[in-house]
Amino acid sequence: MWRIDGDEPKPLATSVLPAEKDLHEFLKRDPSLLGDRLLVIGSEVITPYGPRLDLLAIDVDGNLHLLELKRDKTPREVVAQVLDYGSWASTLSRDDIIDIATKHLDQPFEAAFEDVFGSAPPDELNGELSLTIVAAELDASSERIVNYLREFGVPVNAVFFAYLEDDNRRYLARSWLAASDEETAAAPKGSKKSKRAPWNQIDWYVSYGGGRNWADARRFNFIAAGGGRFYSQTMRSLPEGARVWVNLPGTGYVAVGRTLSAASRWIDARVKVGGAWVQLAEQDLESQPHARFDHPDDEQAEWVVPVEWLDARPESDAYWEKGMFASQHSACKLRQEFTLERLATHFDIDSDGE
């Protein structure tokens, strides 16, 4: 790094950080110093083997990032340490990760995740692993060891930060040993503990949007989707007897109910109103049917699932909390414990399916 004085470039001299713990605090507060958006979910994380991992972070895809500062360790020590931590972290289940995050964060993990990435966490956590050695300086021996390991697919890298001062201003300059686009083989999968949120075989998420009128669905006891394979296919996958939680995209959850049959095309759909089955197409709806309602192509047509509402509320009473699950799919399995717990409480529904 150079400063331009007139026509003469003046190199800025690097110096040693006043304390390497400062670098730990910098990364703890702002892990984007590494170049990617990350959420720190643990600092000085206790491991089963005694030593503490400096920082544990997670990315938007739910992959873990282990950050170990070199401090005064020898190259052999720091590499052995980060590999040991990796062998432990690769076995962490989804529940293990959320437990670690809960101890570190001052809000629920799901809410903190949405704050950083703008979406709820994925169903699977810890699908892949990244091991990073963080150093104020990087010696030749560390470079050789890390490069050698990467050749064999170990997901390890090293980054060092140069500290500079100039006219009472302080700077950090970052350099990676290997570029981010230099791929390595996938990390070992470790144990068989579940890294994906379990599904209780009961609950399904339903997105009711696309210009559809919620008042009609609430009054005539149905959910619907269509207008393309992406939308119609998932609605048609809903089984009879499923418990569905209905979200109005951009608004919130408005209902919970049980499906009374599999999906049928709009022109054939029957719904249960006042204890009697009636033809939906013959009812007086607030919204006008669209062309897709009687489209000859199954994938483009509107598909309807009759529902018995356990609790269905107007759009003005929609419920949403930061970190809750949402999806573009018309229907999918609802696995996220955070969302299910809050919905069960809000709608006063037992979480065991009753």
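Structure above, values below:
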read-out	value
Any hit, the stretch 136-144, residues being charged (D, E, K, R), surrounded by fewer than 20 Cβ atoms within 10 Å (Cβ to Cβ), within 26 Å of Trp199 (Cβ to Cβ) and touching a helix residue (DSSP H, G or I) at 6+ places or on another chain (Cβ under 9 Å)	no
Residue in the stretch 273-293 that is closer than 22 Å to Ala344 by Cα and acidic (Asp, Glu) present	no
Filtered residues of the stretch 217-231 (kept if out of contact with any helix residue (DSSP H, G or I) (no Cβ under 7 Å at 6 or more places or on another chain), modelled with pLDDT of 95 or more and in a helix (DSSP H, G or I))	Ala217, Arg218, Arg219
From the options Ile46, Ile41, residue that is touching a helix residue (DSSP H, G or I) at 6+ places or on another chain (Cβ under 7 Å), at pLDDT 85 or above and either more than 30 Å from Ile98 (Cα to Cα) or surrounded by 12 or more Cβ atoms within 10 Å (Cβ to Cβ) (or both)	Ile41
Filtered residues of the stretch 268-291 (kept if open to solvent by 60 Å² or more (accessible area, probe 1.4 Å) and touching a strand residue (DSSP E or B) at 6+ places or on another chain (Cβ under 9 Å))	Asp268, Arg270, Lys272, Trp277, Pro289, His290
Residue, nearest to Thr47 (Cα to Cα), within the stretch 100-127, restricted to residues that are out of contact with any helix residue (DSSP H, G or I) (no Cβ under 9 Å at 6 or more places or on another chain) and in a loop (DSSP other than H, G, I, E, B)	Gly127
Lone unmet requirement of (1) farther than 15 Å from Val206 by Cβ; (2) open to solvent by less than 30 Å² (accessible area, probe 1.4 Å); (3) of a type in the set (D, E, K, R) for Glu302	(1)
Residue satisfying all of: in the stretch 233-254; within 24 Å of the chain's Cα centre (by Cα) and within 13 Å of Leu310 (Cβ to Cβ); surrounded by the fewest Cβ atoms within 10 Å (Cβ to Cβ) among these	Arg243
Pair list, Cβ < 7 Å and 6+ apart or interchain, from the stretch 98-126 residues that are acidic (Asp, Glu) to residues that are assigned to a helix (DSSP H, G or I) and open to solvent by less than 30 Å² (accessible area, probe 1.4 Å)	Glu110/Phe338
Residue identified as more than 21 Å from Gly241 (Cβ to Cβ) and modelled with pLDDT of 95 or more among Arg313, Arg270, Arg292, Arg258	Arg313
Out of Ala162, Ala57, sole residue that is within 29 Å of Gly250 (Cα to Cα) and either touching a residue at least 24 places away in the same chain (Cβ under 8 Å) or touching a strand residue (DSSP E or B) at 6+ places or on another chain (Cβ under 6 Å) (or both)	Ala57
Flag for Ser130 being modelled with pLDDT of 85 or more, under 18 Å from Ser32 (Cβ atoms), of a type outside the set (D, E, K, R) and not in a strand (DSSP E or B)	no
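The values are calculated or read from the model by the stated rules, or taken from the named source; none is laboratory data. What you are looking at is a predicted structure, and each value in this text was computed from that prediction instead of being measured. Methodologically, a virtual Cβ is constructed for each residue, glycine included, from the backbone with ideal geometry; neighbour enumeration extends over all protein chains shown. With ligands, DNA and RNA removed, areas are computed over all heavy atoms of the protein, side chains included. Shrake-Rupley method; radii C 1.70, N 1.55, O 1.52, S 1.80 Å.
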